[in-house]
1. Tell me, what ³J(HN,Hα) does each residue in region 168-177 have, in order and in whole Hz, if you take phi through Karplus 6.51 cos²θ - 1.76 cosθ + 1.60 with θ = phi - 60° and put x for Gly and Pro?
2. Compute the helix-to-body angle for 304-328: its Cα long axis versus the longest principal axis of the chain, expressed 0 to 90° and rounded to tens.
3. Taking the Cα-to-Cβ direction at Thr400 and at Leu379 and moving 7 Å from each Cα, how far apart do the two end points lie in nm?
4. Which entries of Lys101/Lys290; Lys245/Lys294; Lys167/Lys291; Lys101/Lys291 have Cα-Cα distances beyond 29 Å here?
5. Would you please put 177-187, 307-317 in order of how densely packed they are, using the mean number of other Cβ atoms within 10 angstrom per residue and starting with the highest?
6. Just grab the label-to-label distance for Arg191 and Leu125, each label 7 Å out from Cα along the Cβ direction, in nm (one decimal).
7. Match the structure shown to one of the listed values (1) 23.5; (2) 24.3; (3) 30.9 of Kirkwood radius over Cα pairs in Å, computed from it, and give that label.
8. Which of rounded, prolate or oblate describes region 163-223 when judged by the alpha-carbon gyration tensor and an a/c cut-off of 1.5?
Amino acid sequence: MSAEVWISALQTLMQPSVLLFLLAGVLIGTVIGALPGLSATMGVAIMTPITFWFSPADGFAMLMGLWNAAIFAGGISAILVNTPGTPASITQTFDGYALYKQGKGGLALGINVIFSAIGGLFSILCLILFANPIARFTVTFGPTEYFMLALFGLSMMVAVSGEDILKGLIVGAAGILLSCVGLDPILSVKRFTLGQTSLLAGISFIPVMIGMFGIGEVLYQMYSRRRKQEAEEMEARKVNLKLGKVLPTAKEMRQLTPRCLVAAAVATVIGAIPAAGGDIASIICWGNSKKTSKHPEEYGNGSLEGLAVSSTANNGVIGGAMTTMMTLGIPGDAVTAILIGSLTMYGMQPGIKMFTENAVFSAQIMILMVLANLIFLVLGLATAKMSAKVLNVSQPTVWTAVCILCIVGSFALNNNFFDVIVMLLAGFLGFLLKLYAFPNGPFILGLLLGGMMESNLRRALVMSHGSYATFVTRPISGILFAIVVLTLFWPLIKKVWTRKAPATEEK
């Protein structure tokens, strides 16, 4: 993108309203991320429809601030109460809580803030450098390539299904079927509308996301609530050990930074892979760092190095996930899946058009991400010793606030009560999926990518006169097809490989 584009984007973002919404997003994200049980995905899903009342710059300022801050803030509860605030903060419990018990809680919180910002800024720099070239490469894509791209995204159902792949595929198929509701993309014939005009445009994606990640989570927490255990946790949160200093020394920064830059690069690549998130990145980076560390015995027992690597990896995935979303229209994680819906509501389509017709807005998004990291870096360090107070909010209070925001947000989407009904039904479905250990990730992927896959499949077949060979004879689609096949059969290949390995060792 040209210098004029960046200057124009920066001039728009320097308006007081944009900076105010960005600051509000960072504050909301910090609270959401610090409270166990809530997540960045839930926060973005709830706040997205509310941002439609604002201009695109103001709305995305709030969402970018919320997302980036919520990921870093998940480390606050991981360090202070040994409970990850977000899934991406799992490995921060390994070393963060141990440091807190050693009287180094302030230093742990400081490292969390600083290296989360370093990881985030590194990945955003990669987004700025590589997003435009990748988007221009996609100009060569036709219906065949976009179908294979959607199929590749759907093949990630295997990756997000956990140990029970069959459950993931069942839920994913349900999401694809739900994406068929509405008008046929080619012939405009009504399908599964049940005579409801509200269903002609299909199932609105945002209310489903709000329901599954908001109401569904609240219902599950209410169902599994243990009053005695909650009371004990609240008492434990009130016992604040000495936090000590917050800022690491210059020597500690020199020791930790090189390893963390490597982790940031790895996390950015992992973030660019559809369905891979901060939890996967942090586990991979923490594990590999331990293997190559000079002091592996310290990992899990209060290692500053281990905590710094985990913190870097958390926010390092964000730039990679945004690169995949903005250039290919494939969500890198659950949050970017919601952001695709946000862009669509503003009349924008991920892909090359984001860097031609909407180049200024794309630059605004990248600059907002940089500013969000700088703001939470300053606020995080300034308020590190007050972070524990956020954890004293009771669960019923949080549940009430979440439910109100879910209802208001889903109604505000189209000023339509039908969206509230969809949200509530999706919330109940999300509760059932969680209760019976069904992953909800495949459902979201199916709902989001099902329409893209169907429409491009049919267009490709029309252009090839019904020949399915077009999906393997074209170079890009052929490569994507091979990757899809490898992804789908990888669990089977891995199982066979692990069985053969012990047999070979015995011989």
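What follows draws every value from the coordinates through simple rules; no lab data is involved. If you're wondering where the values come from, they're calculated on a predicted model, not measured in any experiment. Quick reminder, even Gly has a Cβ in these numbers, built from the backbone with ideal geometry, and neighbours come from all protein chains shown.
1. Result, rounded to whole Hz: x, 5, 5, 5, x, 4, 5, x, 5, 4.
2. Helix 304-328 and the main axis of the chain meet at about 20 degrees.
3. Modelled inter-label distance: 2.4 nm.
4. From Lys101/Lys290; Lys245/Lys294; Lys167/Lys291; Lys101/Lys291, over 29 Å: Lys167/Lys291.
5. Packing proxy ranking, top to bottom: 307-317, 177-187.
6. Simple spin-label model gives 4.6 nm for this pair.
7. Only one listed value fits the structure, namely (1).
8. It comes out oblate by the Cα gyration axes.
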